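Colleague: After the structure tokens below, expect a handful of questions from me.
The values are calculated or read from the model by the stated rules, or taken from the named source; none is laboratory data. Since we're looking at a predicted model, the values are computed, not measured. With ideal geometry, Cβ positions are generated from the backbone for all residues, glycine too; neighbour counts draw on all protein chains shown.
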Amino acid sequence: MNSSFKIMAVFCLVIAIAMSSCKKDSSSDPQPSTTGFRFKVDGGSSLTIDSANAQIYTTGGIRLIDVYAYKGGVEILEFHFDPTTGMKTAGTILGSGAYLTYLATPINSFDSQSGSLNVTMCDTIGNKLEGDFNFVGKEYPYSGSTTKTITEGHMIVTKITK
């Protein structure tokens with residue numbers, strides 16, 4: 001019994017040493033990413049979205065995804081495009097390329113006239129959508145000439161409703 005106790009003590013000591021030698025040094029861990037869903041308007045400061053979600057649907061035999069992005073509980077971006085990876089040309093026709101909208105206020109919107117959306121990840125099963133975007137939006141209705149330029153956009157969505 002005495003030798004069993006010694007063997008058990010040695011075993012516990014070896015386990016304790018092994019566990020302490022495998023302990024991670026937290027000072028070498030990378031910091032969590034502070035980048036997320038963000039963009040700039042007319043070259044100003046970067047705006048970071050508070051929350052975003054997406055909805056997948058089919059209309060007229062075409063499968064689309066709509067992305068809604070919010071700041072302070074107010075919708076400020078709305079994107080419509082096919083749920084696939086790749087580069088999409090931003091324009092004004094829903095179902096063709098990407099239809100991107102910046103909402104300066106709930107009643108003052110700017111719809112894409114040119115630009116692009118590059119979807120780098122589109123995992124509708126795992127609920128992750130990621131990509132980069134930029135566009136020039138014209139104020140709706142299109143009777144005037146007021147535009148907003150959206151640059152350095154990066155989109156991350158982790159909530160997709162089917």
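Colleague: I'm checking my understanding of the structure. Among residues of region 71-125 that are of a type in the set (D, E) and in contact with a Gly (Cβ under 9 Å, 6 or more places away or on another chain), which one is nearest to E152 (Cα to Cα)?
Modeller: Of everything passing the filter in region 71-125, D111 is nearest to E152 (Cα to Cα).
Colleague: When you look at D132, is it among the acidic types (D, E), part of a strand (DSSP E or B), over 15 Å from M155 (Cβ atoms) and out of contact with any helix residue (DSSP H, G or I) (no Cβ under 7 Å at 6 or more places or on another chain), yes or no?
Modeller: When the stated conditions are applied, D132 does not pass them.
Colleague: Among the residues of region 94-121, write down those that are within 13 Å of the chain's Cα centre (by Cα) and surrounded by fewer than 21 Cβ atoms within 10 Å (Cβ to Cβ).
Modeller: N118, T120, M121
Colleague: Can I ask one more? Cβ-Cβ distance below 7 Å, separation of 6 or more or different chains: which pairs start in region 128-147 with a residue that is within 10 Å of D111 (Cβ to Cβ) and end on one that is part of a loop (DSSP other than H, G, I, E, B)?
Modeller: E139/T146
Colleague: Among what's in region 92-106 and is modelled with pLDDT of 95 or more and among the small types (G, A, S), pick the residue that is nearest to T146 (Cα to Cα).
Modeller: Applying the filter and picking the extreme gives A104.
Colleague: Take the conditions on the phi < 0 side of the Ramachandran plot and either assigned to a strand (DSSP E or B) or not β-branched (V, I, T) (or both) and apply them to G115. Does it pass?
Modeller: no
Colleague: Taking the condition of being touching an Asp or Glu at 6+ places or on another chain (Cβ under 9 Å), over 13 Å from L100 (Cβ atoms) and of a type in the set (V, I, T), how many residues in region 60-86 meet it?
Modeller: Qualifying residue count, region 60-86: 1.
Colleague: Also, I was wondering about something else. Any idea which of D50, D42 is among the acidic types (D, E), surrounded by 10 or more Cβ atoms within 10 Å (Cβ to Cβ) and at pLDDT 50 or above?
Modeller: Answer to the check: D50.
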